[in-house]
Amino acid sequence: MGDLLSYSGITTKVRAMESHLITENQFREMSGLSTVSEAVDYLSHLSAYEGLFSDLEGSGLHRGAIEQRLVLSLYQDFAKLYRFSNLNQRKFLNLYFMHFEIDILKKCLRNAIGENPPDIDLSIFEDFFKKHSKLDLMKLTSSKSLSEFVANLEGSVYYGQLSGLDDTMEPALFDYEVRLDLLYFKTIWKVMGKYLKKEERELLTRCFGSKLDLLNIQWIYRSKKYYHLQPADVYALLIPTYYHLNKEQITKMAEAGTMEEFYAALKTTFYGRKANIEVFEMPDLERLTAEVLDKIYRSASRQNPYSIATLNSYLYFKEEEIQKVITLIESIRYRLTPDEIISYVVKQ
């Protein structure tokens, strides 16, 4: 499956970049380090992160600054793949880029909705976004209120989704984030159907459809475990598009009276079977989600190496690596033991 001629070059490029992803042994070595400074120094000697932390030291090694540079490495990888891609592959990468935009918008939203003084410095990403985005990062990060933030989105695809939301209800941050997520998935479905070949569309549907399902499952889980919402309120939070889930399964999870009932309903789904859930164990759902998605993305790439799945899989695992590094460094900062740290970043 896949077009050998059109994908041989980009697949070779991806394989070379995959060789620079952090290995399990390297994560174990990092978990034994004593300070954040040592961890950053370790990263600085890895090819993928070389030079990114050269201007940070001492008090500059706070979470925000480190996280920015880790994300910058993701953007740099994206830019490398974009330069190496043909026109059809760039259509997919343009679609994927919307995910980056929405992550940035959510960071700005959290600041603006609390009417906090601007404290987000995205200037490190400005050059990258100028090449791929029409958003004005500096205007968005300087927004002092929610209304100003929304006004600064005028002319973008996001403005119509968020403008007027506060005229019809008393929205919370979650409402705005759901609107952004819904726009993303709707755009994916529309673009995949219009521009991608049938085989590529099926590959991406497998990955993005599963991600959408698992996002809905997580929202049901959180709304019941932490907020004790009524089923009607749970349904209002969900993205109304299902892939491997059906309406009956959604209903059983949303209307479960206890967490045991929720897991019993989850066990009957495609994802419960794939993760081999035992109800009495009630595993951490975020970890379970990561494990299931890992299997799906890795399988899609291995089965279809000369296809869009190769690009999609690499970017997914690069993002996952960055989250692991952030978790590891913060665990070192709070002086967790090496065994505790590694339990968070390496699947046992």
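The values are calculated or read from the model by the stated rules, or taken from the named source; none is laboratory data. Keep in mind that what you see is a predicted model, and the values were worked out from it rather than measured. Here the Cβ is made from the backbone with ideal geometry for all residues, glycine too, and neighbour counts use every protein chain on show.
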Problem - Total residues in the stretch 85-128, condition at pLDDT 90 or above and on the phi > 0 side of the Ramachandran plot - result: 0
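Looking at Leu245, Leu293, which is the one that is closer than 22 Å to Ile188 by Cβ, touching a Ser or Thr at 6+ places or on another chain (Cβ under 9 Å) and in a helix (DSSP H, G or I)?
Working: Leu245 fails: in a helix (DSSP H, G or I).
Within the list Leu245, Leu293, the selection yields Leu293.
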Practice task
Determine whether Ser34 is loosely packed, with under 14 Cβ neighbours inside 10 Å and of a type in the set (Gly, Ala, Ser).
Solution key: yes
Handout entry: Residues (surrounded by 13 or more Cβ atoms within 10 Å (Cβ to Cβ), within 17 Å of Ile66 (Cβ to Cβ) and hydroxyl-bearing (Ser, Thr, Tyr)) located in the stretch 328-348
Key = Ser331, Tyr344
Exercise for the section: Considering only residues that are in contact with a Pro (Cβ under 9 Å, 6 or more places away or on another chain) and outside any helix (DSSP H, G or I), look in the stretch 128-158 and name the one that is surrounded by the most Cβ atoms within 10 Å (Cβ to Cβ). Expected result: Ser143
Completion exercise
Reported set for the stretch 1-29 where residues are of a type in the set (S, T, N, Q), at pLDDT 95 or above and assigned to a helix (DSSP H, G or I) is Asn25, Gln26
Exercise for the section: Considering (1) farther than 26 Å from Asn94 by Cα; (2) in contact with a helix residue (DSSP H, G or I) (Cβ under 9 Å, 6 or more places away or on another chain), say which one Gln230 fails and leave the rest. Expected result: (2)
Fill in the blank from the handout: The condition of being hydroxyl-bearing (Ser, Thr, Tyr), within 21 Å of Tyr344 (Cα to Cα) and in the same structural domain as Tyr221 (by TED's automatic domain parsing) holds, among Thr289, Thr268, Thr258, only for Thr289
Practice task
With respect to Glu170, determine if the residue is at pLDDT below 90, more than 23 Å from Leu105 (Cβ to Cβ) and of a type outside the set (Ser, Thr, Tyr).
Solution key: no
